[in-house]
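Notes follow once the structure below has been shown.
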């Protein structure tokens, strides 16, 4: 027995820095898998497909590292071994470079190394005019404001996320893996002495084959055909989630307070969304907590409904669904019953502590709406007295920024205000990108803190968001008819800080662990991100639901059995309240937890676009975004040999085969010549 | 490394064995049975030896590299000894089979001699050994990459294929030598086979210094080939006559 591959395995594995122990030993000698990557996947809407696609058996190319623009010439023209797989520096990941790469056949794929620190000039792969065409402004309503004629909200937007690429694009999240690739490139692919590099060359293979094509219409048609005949698995998934409406009590004319909780970046499941989503929903949660603590909140004339919409990034999935449900009487509340609407968008980057109030100038032309909007604005301005927040009106010349409120306005002229930290263009220079991280909202922690200390540390960002939450909570109190002094209503910066830490830095912290149900504790532990995704509910939805329940609910003295089956308890009022049995915090010096029952009015409401309910795949009225399905997504690097070596191997093999066949034939034919008959008796002849 | 390398390596490793099978074994069903049974015996010996090695590895510390290397060497040597033991067992079985075949035949002669059985058993052992050495490598040759990113030699697949070819030949010749030694009670022939087997397996630990493993193996194969040829009734004269006949074309001879 020969120890061919086995010995080499014993000696080699420990030497490589990214040795991963999967696959047999020969595979480990050939490939280095890249584990910390995020792919760009295909998304479809009614008319287009966006995103990236690889061939069914992956795309392979010789690696070329592009760190400055001149390096592109090698890929586009000079290099002798196309197609190339480009390792692109994050600072060069812009529209100009990408369109150059899109137009050539010499590129078989792209791996982007995330730029650290974030590009100083800003980076946004979203559109310049987000959710254009699905908001309230159109040629029939405020045409001077439609299609960002008046204000371009996201001037840094390159629209890269909405382009269609026919090669795979991956994001390399781990700097160590990027270094391994660059080292392989340095060892094998760099041209020496002016001539091209020699084989073997370092190459990369990316697998991200997407099953869906063309548009949602085509895809749903194919899926329904296939599932009718049970031929193939489905090719497409609808983007859907649960939105969370919370009502303080019964449903009488509540003011609605709403915002979005999802985000997106170019890459799948990478959506930190610090400024675009997290800052606003954290402030929202803090305002809910502050209001809940007010003593007479149960005696208010009107009820306040706090809503968190999912899927707003993709043409307002959540809010359009809620409006649809309200119109069709499937929601406990009707549109007529909404007194006013306050929305918060992107509030973390206030300039000189100014918070802007945006209103819709077109609906304000109506006298009665104007009066109510005026009252709303005055209440808000009065609530900011004494706080370090200056509220200013954006004015009649400005339309509403992209916001969930626009969907409500489409249905009814409700008086409403959208609060943001920007007057015209976004302050957020990394809108809907992978760089919209805690650093973008200036969250800084001192060095050397343990995770528990970091959880409790109150950052300046948290204090500033807490002030905004205080103002909003006081305004909501007044709007709901509260007459007392509002100085007692204060948002707690500690809570804000803990939420920011949990939603942006580390989900698996002691506070989150104590407020969730025991059977879903698996949702804590990944790097936080807020992409809407297809399997619902996502981690973000669950967490927001439980945080809200914790902040606005009450602890009730029920046992686990009673809590899990509230209909058996006579006074539980199951129709009004939700009961949750949560883990509780750890007992001191022990690994056991003290669970308890929380009663709250938090509910989930399905946020599937009405287009899918109505089966109008080509709808221009509602969002039709879908995500393609795929089988496997992975990336790996290896060496490729020259074609000459391969052909030589084949020729040698064929030669040996033919030679051995001929030789054996002749030896067999002449066996009597070669082998003499032995003389001893009893032996047998051949 | 794609299809070219896959077929190239397959032909290099199994081409000669295919020739042997097609021209000398395939026509006779009895020989096919002996071939497959021989392959099975080799398989069982590998199973047992790998069980021992596996237990030893699991019982030891995986991070201790010299210990793991030592265990591997021990595993290989133990496997060689176990294979030869199973070759002996197979010899015993075939001996019994010949008695049965003689009893069943019409003219009191066995349709197949022990020397032929030795040869076929050797090919059986060799084929199964080659398959286990080579199949998982061949599967990896179909991918786009070649060995080398961690610094190993690019010629890994080629040298593995050549090693497999020489091993198949060696097993064939060892079969002939071993059975001859058992038949005529020449223990030194059996010992020589075992020593040669240990030497070839041990030489593979020189890899990736392929010169250290391939060259001695081919030399040993030449030696074993010559020895087996002589034991099977060949001689230098016969060889000379064969080559001369070939050069001057096939002369009319009584059929074999």
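All of A:109, A:126 fail the test of being under 17 Å from residue A:93 (Cα atoms) and part of a strand (DSSP E or B), apart from A:109.
On the given criteria, is residue A:186 modelled with pLDDT under 95, within 14 Å of residue A:63 (Cα to Cα) and not in a loop (DSSP other than H, G, I, E, B)? So residue A:186 passes the test.
Residues of the range A:484-514 that are assigned to a helix (DSSP H, G or I) and farther than 16 Å from residue A:282 by Cα: A:510, A:513, A:514. With respect to the stated conditions, residue A:171 is touching a strand residue (DSSP E or B) at 6+ places or on another chain (Cβ under 6 Å), within 30 Å of residue A:317 (Cβ to Cβ) and not in a loop (DSSP other than H, G, I, E, B). Reported count of residues in the range B:104-131, each being under 15 Å from the mean Cα position of the chain (by Cα) and surrounded by fewer than 17 Cβ atoms within 10 Å (Cβ to Cβ), is 0. Identify all residues within the range B:205-232 that are without any contact (Cβ under 8 Å) to a residue 60 or more places away in the chain and within 9 Å of chain A (Cβ to nearest Cβ); write none if there are none. Those that are without any contact (Cβ under 8 Å) to a residue 60 or more places away in the chain and within 9 Å of chain A (Cβ to nearest Cβ): B:207, B:208, B:213, B:217, B:229. Test residue B:139 against the criterion of being in a helix (DSSP H, G or I) and more than 11 Å from chain A (Cβ to nearest Cβ), and give yes or no. Considered against the rule, which asks whether it is in a helix (DSSP H, G or I) and more than 11 Å from chain A (Cβ to nearest Cβ), residue B:139 comes out as no. Scoring residue A:563 on the criteria (1) assigned to a helix (DSSP H, G or I); (2) in contact with a strand residue (DSSP E or B) (Cβ under 6 Å, 6 or more places away or on another chain); (3) within 24 Å of residue A:325 (Cα to Cα) leaves a single failure, condition (3).
Residues in the range A:293-319 that are in contact (Cβ under 8 Å) with a residue 40 or more places away in the chain and out of contact with any strand residue (DSSP E or B) (no Cβ under 9 Å at 6 or more places or on another chain): A:293, A:294, A:295, A:296, A:297, A:298, A:300, A:301, A:302, A:315. Across the range A:131-166, what is the total count of residues that are in contact with a strand residue (DSSP E or B) (Cβ under 6 Å, 6 or more places away or on another chain) and either assigned by the TED database to the domain that holds residue A:432 or not in a loop (DSSP other than H, G, I, E, B) (or both)? The qualifying residues number 4.
Residues satisfying the criterion are present in the range B:234-251 (criterion: under 23 Å from the mean Cα position of the chain (by Cα), within 12 Å of another protein chain (Cβ to nearest Cβ) and modelled with pLDDT under 85).
Only a single criterion out of (1) buried (at least 19 other Cβ atoms within 10 Å of the Cβ); (2) at the interface with chain B (Cβ under 7 Å from one of its Cβ atoms) is not satisfied by residue A:661, namely (1).
Checked against (1) over 21 Å from residue A:474 (Cα atoms); (2) crowded, with 20+ Cβ neighbours inside 10 Å, residue A:366 meets all criteria but (2).
So, residue A:298, is that one modelled with pLDDT of 60 or more, out of contact with any helix residue (DSSP H, G or I) (no Cβ under 9 Å at 6 or more places or on another chain) and outside any loop (DSSP other than H, G, I, E, B) or not? Yes.
Taken together, the residues in the range A:441-476 that are touching a residue at least 60 places away in the same chain (Cβ under 8 Å) and in a helix (DSSP H, G or I) amount to 15.
One residue stands out in the range B:188-214 among those that are part of a helix (DSSP H, G or I) and out of contact with any helix residue (DSSP H, G or I) (no Cβ under 9 Å at 6 or more places or on another chain): the one that is surrounded by the fewest Cβ atoms within 10 Å (Cβ to Cβ), namely B:211. Checked against (1) assigned to a strand (DSSP E or B); (2) free of Cβ contacts under 8 Å to residues at least 60 places away in the same chain, residue A:418 meets all criteria but (2).
Among the criteria (1) more than 30 Å from residue B:16 (Cβ to Cβ); (2) not assigned by the TED database to the domain that holds residue A:54, the one residue A:652 does not fulfil is (1).
Scanning the range B:175-192 for residues that are at negative phi and away from every other protein chain (no Cβ under 14 Å) yields B:175, B:177, B:178, B:181, B:182, B:186, B:187, B:188, B:189, B:190, B:191, B:192. Selection of the range A:642-658 for residues being more than 7 Å from chain B (Cβ to nearest Cβ) and surrounded by 15 or more Cβ atoms within 10 Å (Cβ to Cβ) yields A:642, A:645, A:648. Put simply, of A:624, A:620 the only residue that is more than 14 Å from chain B (Cβ to nearest Cβ) and buried (at least 18 other Cβ atoms within 10 Å of the Cβ) is A:624.
The values are calculated or read from the model by the stated rules, or taken from the named source; none is laboratory data. Computed from a predicted structure; not experimentally measured. For neighbour counting, all protein chains shown are included, and Cβ atoms are generated from backbone atoms with ideal geometry for every residue, glycine included.
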